[in-house]
Amino acid sequence: MLIVLQQAAECLHGVEQSPGPSVMETIQPCLKAVARDEFLKHHDEDVKVLLATCFCEITRITAPEAPYSDDVLRVLLSFIIKHPSRKQYTNYI
């Protein structure tokens, strides 16, 4: 799972902001996966860091539009605030 999440984060990092419809359609599975309960409740800290990284990249890509509903954004932002520390992020940036 870590390898797939790392690859997703790297791919998302390479996507420009406000891409065309075909790119947005291509990354839809990733947008949906990041918000899944089974990932958000995962116990592995590395998984949490990579999910937070993917969420941040998705937010950058879709700006100024919100990539999720307000309820989902609340959950994801709370997830980022509660879990990975800044020290852990440095391994993935």
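Computed from the alpha carbon positions, the gyration tensor of the chain leads to an equivalent ellipsoid with semi-axes of 20, 15, 12 Å, biggest first. The residues of the chain present an accessible area of 65 Å² per residue when probed at 1.4 Å with all protein chains retained. The order of Met24, Met1 by accessible area, most exposed first and with a 1.4 Å probe, is Met1, Met24. Across the chain, the longest piece that holds none of the GluC sites (Glu not before Pro) lying in DSSP loops with up to 10 other C-beta atoms within 10 Å covers 17-64. Relative to the longest principal axis of the Cα atoms of the chain, helix 70-82 runs at roughly 40 degrees. Return the carbon/sulfur percentage of the accessible area of the chain, one whole number, probe 1.4 Å, all protein chains in place. Heavy-atom surface of the chain belonging to carbon and sulfur, 1.4 Å probe: 58 percent.
The values are calculated or read from the model by the stated rules, or taken from the named source; none is laboratory data. Bear in mind the structure is a predicted one, so any value in this text is a computation, not a measurement. Note that each Cβ is placed from the backbone with ideal geometry, even for glycine, and that neighbours are counted across all protein chains shown. The area values use the complete protein model at the heavy-atom level, side chains included, leaving out ligands, DNA and RNA. Shrake-Rupley method; radii C 1.70, N 1.55, O 1.52, S 1.80 Å.
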